[in-house]
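Only one structure is covered here, and it is reproduced in the block below.
The values are calculated or read from the model by the stated rules, or taken from the named source; none is laboratory data. Please read all numbers here as calculations on a predicted model, not as lab measurements. Cβ: placed from backbone, ideal geometry, glycine included. Neighbour counts: every protein chain shown.
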């Protein structure tokens with residue numbers, strides 16, 4: 001018998017439904033805690049738990065979506081190209097901002113990891129926390145990190161948290177320039193954060 005729950009369509013539809021539910025809730029509440037990705041993650045976990053549908057069934061479709069993360073990341077070069085004049089105008093500030101962000105991100109993970117007496121594999125899994133998912137997973141694998149920790153704990157949490165606190169941090173720091181906001185968020189909270197930059 002044909003079982004739709006064991007096809008990629010099931011996981012894809014569930015993901016789209018819960019993400020759009022998250023977007024709807026965010027629009028209605030305007031609360032930074034109501035992040036669509038966070039709502040989708042919690043909603044999918046609850047849905048699978050309550051309905052007793054095995055995670056493996058959902059994962060078939062989720063893996064199909066995961067496959068497109070790499071190509072979609074490459075497509076990000078298009079808006080960058082369209083803003084090339086802006087990039088040239090602020091090239092020094094952008095390079096310095098990104099450079100400082102990388103160093104601070106790397107050093108903070110090492111310091112917190114040492115203070116918490118974390119295993120090297122955990123530290124290596126957290127190092128790519130501020131990188132877009134496909135690149136972060138690739139870096140974690142090359143560092144012998146744990147892919148699931150990198151993807152779900154480090155990268156997703158960093159992006160969601162960055163988006164949630166961005167407005168408050170910008171107000172406290174009196175940061176108003178769109179380039180400064182974009183570089184700060186892109187460097188610290190990758191693509192998820194930059195959606196809150198403007």
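Among the residues of the stretch 158-180, is any over 25 Å from residue 42 (Cα atoms) and touching a residue at least 60 places away in the same chain (Cβ under 8 Å)?
Applying the first criterion (over 25 Å from residue 42 (Cα atoms)) to the stretch 158-180 yields 169-180.
Okay, now just the ones that are also touching a residue at least 60 places away in the same chain (Cβ under 8 Å), so 179-180.
Yes: the stretch 158-180 contains one or more residues that are over 25 Å from residue 42 (Cα atoms) and touching a residue at least 60 places away in the same chain (Cβ under 8 Å).
Return the pair list, or none, for Cβ contacts closer than 8 Å from residues in the stretch 1-29 that are free of Cβ contacts under 8 Å to residues at least 60 places away in the same chain to residues that are loosely packed, with under 13 Cβ neighbours inside 10 Å and in a helix (DSSP H, G or I), at least 6 apart or on different chains.
Close Cβ pairs (under 8 Å, with a partner that is loosely packed, with under 13 Cβ neighbours inside 10 Å and in a helix (DSSP H, G or I)) amount to 8/63; 10/4; 11/63.
What helices (runs of 4 or more DSSP H) completely inside the stretch 1-74 contain at least 2 residues that are modelled with pLDDT of 90 or more? It would help to see each step written out before you state the result.
Details: elements: 8-29, 36-51, 55-67.
So the answer is 8-29, 36-51.
Hey, among 159, 136, 186, 145, which residue is more than 30 Å from residue 30 (Cβ to Cβ) and not assigned by TED's automatic domain parsing to the domain that holds residue 36? So that I can check it myself, show each step before the final result.
Details: 159 fails: more than 30 Å from residue 30 (Cβ to Cβ); 136 fails: more than 30 Å from residue 30 (Cβ to Cβ); 186 fails: more than 30 Å from residue 30 (Cβ to Cβ).
Checking each option against the conditions leaves just 145.
Test of understanding: among 197, 182, which residue is outside any helix (DSSP H, G or I) and either closer than 18 Å to residue 87 by Cβ or modelled with pLDDT of 85 or more (or both)?
From the options 197, 182, the qualifying one is 197.
Go through (1) loosely packed, with under 12 Cβ neighbours inside 10 Å; (2) under 23 Å from the mean Cα position of the chain (by Cα) one by one and return the number of the condition residue 50 breaks.
(2)
Whether any residue in the stretch 51-61 is outside the structural domain of residue 183 (by TED's automatic domain parsing) and out of contact with any helix residue (DSSP H, G or I) (no Cβ under 9 Å at 6 or more places or on another chain) is what I want to check.
Of the residues in the stretch 51-61, the ones outside the structural domain of residue 183 (by TED's automatic domain parsing) are 51-61.
With the extra rule that they be out of contact with any helix residue (DSSP H, G or I) (no Cβ under 9 Å at 6 or more places or on another chain), the set shrinks to 51-52.
Scanning the stretch 51-61, I find at least one residue that is outside the structural domain of residue 183 (by TED's automatic domain parsing) and out of contact with any helix residue (DSSP H, G or I) (no Cβ under 9 Å at 6 or more places or on another chain), so the answer is yes.
Would you mention how many residues in the stretch 131-172 are crowded, with 22+ Cβ neighbours inside 10 Å and either within 19 Å of residue 118 (Cα to Cα) or in contact with a strand residue (DSSP E or B) (Cβ under 6 Å, 6 or more places away or on another chain) (or both)?
Counting residues in the stretch 131-172 that are crowded, with 22+ Cβ neighbours inside 10 Å and either within 19 Å of residue 118 (Cα to Cα) or in contact with a strand residue (DSSP E or B) (Cβ under 6 Å, 6 or more places away or on another chain) (or both) gives 6.
Looking at 127, 98, which one is without any contact (Cβ under 8 Å) to a residue 40 or more places away in the chain, in contact with a helix residue (DSSP H, G or I) (Cβ under 9 Å, 6 or more places away or on another chain), on the phi < 0 side of the Ramachandran plot and in the same structural domain as residue 178 (by TED's automatic domain parsing)?
Numbers: 98 fails: without any contact (Cβ under 8 Å) to a residue 40 or more places away in the chain.
That would be 127, the only listed residue that is without any contact (Cβ under 8 Å) to a residue 40 or more places away in the chain, in contact with a helix residue (DSSP H, G or I) (Cβ under 9 Å, 6 or more places away or on another chain), on the phi < 0 side of the Ramachandran plot and in the same structural domain as residue 178 (by TED's automatic domain parsing).
Tell me, which helices (runs of 4 or more DSSP H) lie completely within the stretch 83-164 with 3 or more residues that are closer than 17 Å to residue 189 by Cβ, modelled with pLDDT of 85 or more and within 20 Å of the chain's Cα centre (by Cα)? Explain how you work it out, then say what you get.
Working: elements: 84-89, 91-115, 120-126, 133-142.
Correct list: 91-115.
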